[in-house]
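Novice: Dropping a structure here in structure tokens format, bear with me for questions.
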Amino acid sequence: MPDQTLNGTTSAAAAAELQQLLLATEDIRGFLDELATLTVRVLPGELSCGITMRRDHEAITVASSDTRASQVDEIQYGHHQGPCLHSLATGEEVLVDDLAADQRWGDYQMPALGHGIRSSLSLPLHAQGQVLGALNIYASQPHAFGSHEREAAGRFAGEAARALALAVRIAERTEMSQHLQTALASRAVIDQALGILMGQNRCPAAEAFDILRTASQNRNVKLRDIAVQIVTAVSGQPPADQPRFTSWRGSTAK
């Protein structure tokens, strides 16, 4: 069966471009911005796109292809109703053929029409049994999303959801890695301070740690900051921020 096309781009090519976005963008925000732009490029018609996700239990637009999409999304958040919120909450596709005749979300209707929106398609981004977000596609013409357009958008949303799930996973692991590096750096400074205290007081490590902890508590200063002060006082310069071992793969001490 020949590959389907999305505005002249094959489904396989669109999937490959999504994968390229993952490699080319430095963080998840950049990926989401590029995803919104790619959506309106590969789908037929003059469209706007917003991507809605939840943060701290609140729906927010994390990326948009233009200001109109973000403004229309914000109308829905302000009134706590609208097609993209319904799609995000239910995990279902929501089609608005002609907003001028669709009164399902009364408080949303007139402001959105004021922004030139006549039809829209909201698609949930499913991954790993959950709804990661919603892809909100807006058109200035009524009936912009026929069966062909909906099928094409649905296929693209499926590819986008898989790419987004991977981007979120990479972002989470990057954050964990950064926290780990910070913890390792703190541990390295504390170990240096303990070595200094052991030499000065001719005591074992456990006793040196008690001295360091007592100083931290008495001064109401973090343990690492006390350690930095001790190392700086003895060496004449602040300790390096990086731990001696910075990688899990074949690292060697600097």
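Novice: So if R0 is 25 Å, what FRET efficiency would S140 and E92 give, r being the distance between their Cβ atoms, rounded to the nearest 0.05?
Specialist: Here the calculated transfer efficiency is 0.55.
Novice: Still on this model: Need the full-extension length gain, R29 to E207, defined as separation in residues times 0.36 nm minus the C-alpha distance. One decimal, nm.
Specialist: 59.4 nm
Novice: Could you work out the relative contact order of region 35-163? I mean the mean sequence separation of Cα pairs under 8 Å and 6+ apart, divided by the number of residues, in percent.
Specialist: 26
Novice: Another one. Decide, for region 102-159, between rounded, prolate and oblate: order the square roots of the alpha carbon gyration tensor eigenvalues as a ≥ b ≥ c, take rounded if a/c falls under 1.5, and otherwise choose prolate if a/b is larger than b/c, else oblate.
Specialist: Oblate is the answer for region 102-159, as a/c is 1.5 or above yet b/c matches or exceeds a/b.
Novice: Next up: 7 Å from Cα along Cα→Cβ at both R55 and H80: what's the point-to-point distance in nm?
Specialist: 2.2
Values in this text are rule-based calculations from the coordinates and carry no lab data. It should be emphasised that the depicted structure is a prediction, and the values quoted were computed from it without experimental measurement. Counting neighbours? That spans all protein chains shown, and the Cβs are built from the backbone with ideal geometry, glycine included.
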